[in-house]
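Notes to accompany the following structure.
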Amino acid sequence: MPLVSMRQLLDEAAKGGYGVGAFNVNDMEQIQAIMEAAKQTNSPVIIQASRGARQFAQDKFLFHLILAANELYPEIPIAMHQDHGNSFETCKSAIELGYTSVMMDGSLKEDGKTPSTFEENVEVTRRVVEFAHPRGVTVEGEIGVLGGVEDGHGAGGSGLDHITDPDQAVEFAERTGVDALAIAIGTSHGAYKFTKKPDGSVLKMDVLIAIHKRLPHTHLVMHGSSSVPKDLQDIINQYGGKLKETWGVPVEEIQLGIRNGVRKVNVDTDNRLAITGAIRKVLWTQPEKFDPRDYMKPAREAMQKVVAQRMTEFGQAGHAGDYKPIPITEIAKGYADGSLATRPLVAAK
Ligand SMILES: [Zn+2]
């Protein structure tokens, strides 16, 4: 099966009332972990690469690893997504490489750090949509600014600095024609999201629900949505790590989001924690080991376990075979003839 349009994955998720995890990758073992978890749970998947990942692995290596996954797991629909594109050129290069989906994060300027104006965001995102849709490629935009920094991308600071305004979200969706919309509701990238278990004062699920009410058919995206489980933190610290105590986004809050229009859930930190914990454990308890496979195999297994658990919790498990993937050339026709709507349905306040 060819790589699938993310729009199709998310449209199907909306029909089925579930969310789809989008897992970040830099290397072969992470891709293998995701694919084994998808096979184990019979899940469609979104595999995503940040600019940092594309640099680390080199574009061709990473993309051909995804093609290998596609060939080896023909029963699993895979969308390949550029995470946090910082410019039109970054998104264009991903599309030309063969990615079936891109995020244009115009909430920040091209430096990936400075918050942009609303008009700048609309303009660059609209430009990416105009390039992507005739090629059948999905576009995710972002309105509001996430906290924290990951892979050198992010405004830093608290997730509460630039919460998405529901009226702006409506205007943004109308003017850009994005397929999916990332919103800022208090979450941050990285491991240090919250200093205590988050409540409504720091995790603004009410804002998410308000946006969903106004844009009932728009696929919402939760970024910075690792749960940062205590047991994964503990393994790292038990074997010589020095993580400070921290809280992520509880799975039940993500599930509340999924009941309110969230269709894509980005998870990276949890997998990083699982991998690092497994590697630390081997090196700490068996210091005589030096074959990388002795620690990469348990690392891969630890990530697979987290991914499979999230796939089950988000509800995508069991849905891999529900539908026939539409080639992106057909998706392109759908955008052109209007059968794939890009004007969002807007409900009154
Ligand atoms: Zn993100």
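A few notes on this one:
- Ranked by how many other beta carbons lie within 10 Å on average, peptides 131-139, 213-221 from highest: 131-139, 213-221
- Principal-axis tilt of helix 205-214 within the chain, Cα atoms, nearest 10 degrees: 30
- Between residue 227 and 249, 270, the built amide H atoms are under 5 Å apart, and every one of these is 5 or more places off in sequence or on another chain.
- q = 0.14 Å⁻¹: log10 I(q)/I(0) that the Debye formula gives for segment 1-93, counting C-alpha atoms only: -0.49
- Each Lys and Arg Cβ is given +1 and each Asp and Glu Cβ -1; about its Cα centre, the chain then shows a dipole of about 440 debye.
- The residue list 232, 211, 338 was ranked by how far each Cα lies along the charge dipole of the chain toward its positive end, using unit charges on Cβ atoms, and 232 comes out on top.
- Sorted largest first, the spans of the alpha carbon positions of segment 164-241 along the three principal axes are 51, 24, 15 Å.
- Kirkwood Rh, angstrom, the chain [1 / mean 1/r, Cα pairs]: 20.0
- Viscosity 0.890 mPa s, 25 °C: Kirkwood-radius Stokes-Einstein D of segment 1-158 over Cα pairs, µm²/s: 154
- Computed extension length for residue 293-residue 96: 67.5 nm, one decimal, from 0.36 nm per residue of separation with the Cα-Cα distance subtracted.
- Dividing the alpha-carbon radius of gyration of segment 61-100 by the rule-of-thumb value 2.2 N^0.38 Å gives 1.27.
- Phi angles across segment 14-22 convert, under the Karplus curve 6.51 cos²θ - 1.76 cosθ + 1.60 with θ = phi - 60°, into 3J(HN,Hα) values of 5, 4, x, x, 10, x, 10, x, 10 Hz, Gly and Pro given as x.
- Which of 182, 156, 133, positive extreme of dipole for segment 133-205 (C-beta unit charges): 156
- Note, ³J(HN,Hα) from phi for segment 44-56, Karplus 6.51, -1.76, 1.60, rounded to Hz, x at Gly and Pro: x, 9, 10, 9, 10, 10, 7, 4, x, 5, 5, 6, 4
- Dipole of the chain, positive end: most advanced residue of 318, 34, 145 [Cβ charges, Cα centre]: 318
- Isotropic mean projected area of the C-alpha convex hull, segment 229-349 (nm²): 12.0
- Computed [θ] at 222 nm, helices only, for the chain once each DSSP H run of length n ≥ 4 contributes -39500 (n - 2.57): -14000 deg cm²/dmol
- Cα convex hull of segment 163-293 - mean projected area over all directions, nm²: 9.4
Values in this text are rule-based calculations from the coordinates and carry no lab data. Here the structure is a predicted model, which means the values were calculated and not measured. All Cβ positions, glycine included, derive from the backbone under ideal geometry; neighbour counts span all protein chains shown.
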